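Visitor: I'd like to ask you about the structure that follows.
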Amino acid sequence: MVFGLVFVAPASAQLSTEGPVVYGHHHFYVSSIEVNKKFWVDALGGTDAGNLGPAPVAVVRFPNVQVLLSEQVPTGGTRGTSVNHVGFRVPDLR
């Protein structure tokens, strides 16, 4: 756990702490980092922020939140998880 905090602290220091609910990041396990990073960057307008430390964790930045992507086989379904969906407001759906 300490290992993860060392790498996350500088990036999370730039995020907002105001609001009724504040998330520093959402971490998704995906089958392909590159395919998913393309979606978050090209379709939703995030900024590719490179990798988090030596581990294969890609970071995509948005205003006040970061999306972390790791390649991993799903370990379970979405029922009973703390967050099973994320919504974004976008200026145009095209």
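Visitor: If each of V90 and S31 carries a label point 7 Å out from its Cα toward its Cβ, how far apart are those two points in nm?
Guide: Modelled inter-label distance: 2.1 nm.
Visitor: Averaging the inverse of every distinct alpha carbon separation and then flipping it gives the Kirkwood radius. What is it for the stretch 23-75, in angstrom units?
Guide: Numbers: mean 1/r = 0.0910 Å⁻¹.
Hydrodynamic radius (Kirkwood, Cα only) of the stretch 23-75 equals 11.0 Å.
Visitor: As a footprinting exposure proxy, order V86, V65, V73 by other Cβ within 10 Å, with the fewest listed first. Walk me through the numbers on the way to the answer.
Guide: Numbers: V86 10, V65 17, V73 6.
Ascending Cβ contact count within 10 Å gives the list V73, V86, V65.
Visitor: Stretch Y23-R79 to full length: gain in nm at 0.36 nm per residue minus the Cα-Cα span?
Guide: Numbers: separation 56, 0.36 × 56 = 20.16 nm, distance 2.04 nm.
Full extension of this stretch gives 18.1 nm more.
Visitor: Something else about it: In which sequence would T47, T75 go, from the one with the fewest C-beta neighbours within 10 Å to the one with the most?
Guide: Final ranking by Cβ density, sparse to dense: T75, T47.
No value in this document is a laboratory result; all are computed from the given coordinates. Since the model is a prediction, treat every value here as computed from it, not as a measurement. Note that each Cβ is placed from the backbone with ideal geometry, even for glycine, and that neighbours are counted across all protein chains shown.
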